Amino acid sequence: MTGAPALELEALTRTFGDRAVVEDLSFRVEPGAVFGFLGPNGAGKTTTLRMILGLMAPSSGRMTVLGASDGRRVRDRIGFLPEERGLHPRMTPLQAAAFLGGLKGVAPATARRKARTMLDQLGLGHAANTQIRRLSKGMAQQAALVCTLIHDPELIILDEPFSGLDPTHQQGLEALILERSGNGATIVFSTHVMSHAERLCDRILLLAGGRKVFDGTVQEARSRAPGRLVLEGGLEVSDIQGLPGVVGVNAAGPAANEGDRRLEVELAPGAEAHETLSAVFRAGLAVRRFESREPGLHEAFLLLTGAGQRLPEVAGA
């Protein structure tokens, strides 16, 4: 792509003593993109975000943030939602928005009006005048998000923004992210839950042990993981082994019809399921039912980082 990126890191490294928490990290984020910064807890995501914001100096490497070499120089153009929220507990969401908006040059009346609109969008209009301390964790988190966005930042950085939200509020946050991106803002959010990235991101970066293991689109990541076919019929494992794209065949539980077998066929990364299925039919095998299962981002992450970096699956995510 041409033009200046909204964010670019080159060989960024951060060490604590003799331990590298982030090592030789390079990537770029184009203006207006939704960029997912993904990895398990402890992968180095928060440390990287703090370096981008200028809250922590890198040990080596360089970066540009909205054209500046230090995020502190453009902080009024950035909105940051940390994982640990910090609104004053005795303020209401509207009061907090007016106060924090004022620090960014937004008139109090304008901040309150914009905050009420966003709270309504998130389904929290009824809590606009309730003290933060009386809100649930998820509601307080969304109030903090409203304050993060009150000055219409060009670059929005969200650290684990979905943590603590129920499925309904997760959907509201996803809609708000897409709306801001559609209006030209650049979104960078960190998460260890793959489903949000699959729905939202133009590009993703997978981080494990402080190092980049993948940088590209969701579909490109999925193509690194094996797809699967589930076949039912009068089949033997030996019938399927050796067909194009097949790297493994396993029993997959009982079949719908008595006397049939249900087999799960693992395909090579990048292999097309329809090509393997065509070979099955050309071989004249007695297949009654079949199902193609495309690999998800979770499977791709496990492959790219190793099984030891298994991520939690979150209900309702």
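Structure notes:
- Residues with amide H under 5 Å from that of Arg289, placed H, sequence gap 5 or more: Glu232
- Once the Cα atoms are used to define both axes, helix 167-182 deviates from the longest principal axis of the chain by about 70 degrees.
- Taking a ≥ b ≥ c as the square roots of the eigenvalues of the Cα gyration tensor, an a/c ratio of 1.5 or more together with a/b larger than b/c marks segment 56-135 as prolate.
- A Förster radius of 51 Å, combined with the Cβ-Cβ distance separating Leu103 from Glu236, puts the computed FRET efficiency at roughly 0.15.
- Calculated FRET efficiency, Val247 to Arg289, Cβ-Cβ distance, R0 = 22 Å: about 0.50 to the nearest 0.05.
- Shape call, segment 109-197: gyration tensor on alpha carbons, a/c limit 1.5: oblate
- Here the sum of -39500 (n - 2.57) over DSSP H runs of 4 or more residues, divided by the residues of the chain, equals -9000 deg cm²/dmol at 222 nm, to the nearest 500.
- Contact order normalised by residue count of the chain, Cα under 8 Å, 6+ apart, percent: 19
- Taking 0.36 nm per residue of sequence separation and removing the Cα-Cα distance, the Asn183/Thr15 pair yields an extension gain of 56.8 nm.
- Of all DSSP bridge pairs formed entirely within segment 154-232, close to 50 percent run antiparallel.
- Within the chain, percent of DSSP bridges classed antiparallel, to nearest 5: 65
- Förster radius 30 Å - calculated FRET efficiency between Ala175 and Asn257, Cβ distance, rounded to 0.05: 0.10
- Segment 228-294, relative contact order [Cα under 8 Å, separation at least 6], %: 47
- Between the helical axis of 137-149 and the longest alpha-carbon principal axis of the chain there is an angle of about 70 degrees.
- Figure legend: label point modelled 7 angstrom from the Cα of Arg282 along Cα→Cβ; residues of segment 219-259 with amide N under 17 Å from it are 239-247.
- In sequence order, segment 118-126 has phi-based couplings of 5, 4, 4, 4, 8, x, 10, x, 5 Hz under the Karplus curve 6.51 cos²θ - 1.76 cosθ + 1.60, θ = phi - 60°, and Gly or Pro positions carry x.
- Overall form of segment 228-294 per C-alpha gyration tensor (a/c, 1.5; a/b vs b/c): prolate
- For segment 7-222, the number of Lys pairs with C-alpha atoms closer than 27 Å, counting only pairs eight or more positions apart or on separate chains, is 6.
A short reminder: the numbers here are calculations on the coordinates, not readings from a lab. As the structure is a computational prediction, the values presented were derived from the model and not from experiment. In this analysis, Cβ positions are derived from the backbone assuming ideal geometry, glycine residues included, and neighbour counts consider all displayed protein chains.
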